[in-house]
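Nothing in this text is a laboratory measurement; each read-out follows from the coordinates by a stated rule. Since we're looking at a predicted model, the values are computed, not measured. As a convention, Cβ positions derive from the backbone with ideal geometry for all residues, glycine included, and neighbour counts pool all protein chains shown.
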Amino acid sequence: MSDKTTIRIVKTDYTPVLTLKDGEYLRAVYVDGTKGEIRQVRYIDETHFMLGFRCYHIGEFAELMEANDFTIEKVVPDLDNQA
């Protein structure tokens with residue numbers, strides 16, 4: 001994907017994990033199978049994105065995933081059931 005609003009999620013060695021479009025959603029999946037909250041991802045530039053209310057560099061987020069032993073998955077939220 002080379003779209004100017006594509007968000008890259010990478011490992012610490014910068015190998016790709018997932019790509020998302022601006023405005024899509026993701027959540028953390030931990031090694032024990034528990035899943036985190038669904039969060040919207042917003043494009044800033046080719047190496048930065050907003051997750052919730054926090055800005056991350058793609059390398060910083062990779063280190064966070066590694067240190068906390070989780071990966072991420074793309075999610076299509078069921079907006080009708082979020083109250």
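Stretched out fully, how many nm does the piece from residue 6 to residue 64 gain, at 0.36 nm a residue minus the Cα gap? Walk me through the numbers before you get to the answer.
On the way: separation 58, 0.36 × 58 = 20.88 nm, distance 2.03 nm.
That pair, residue 6 and residue 64, stretches by 18.9 nm at full extension.
Can you give the charge dipole size of the chain about its Cα centre, rounded to the nearest 20 debye, using +1 on the beta carbon of Lys and Arg and -1 on the beta carbon of Asp and Glu?
160
Taking one quarter of the surface of the C-alpha convex hull of the chain gives a mean projected area of 5.8 nm².
In this simple spin-label approximation, residue 47 and residue 78 carry label points 7 Å from Cα along the Cα→Cβ vector, and these lie 4.0 nm apart. Once backbone amide H atoms are built at 1.01 Å from N, residue 11 has 17 as its partners under 5 Å, excluding neighbours fewer than 5 places away on the same chain.
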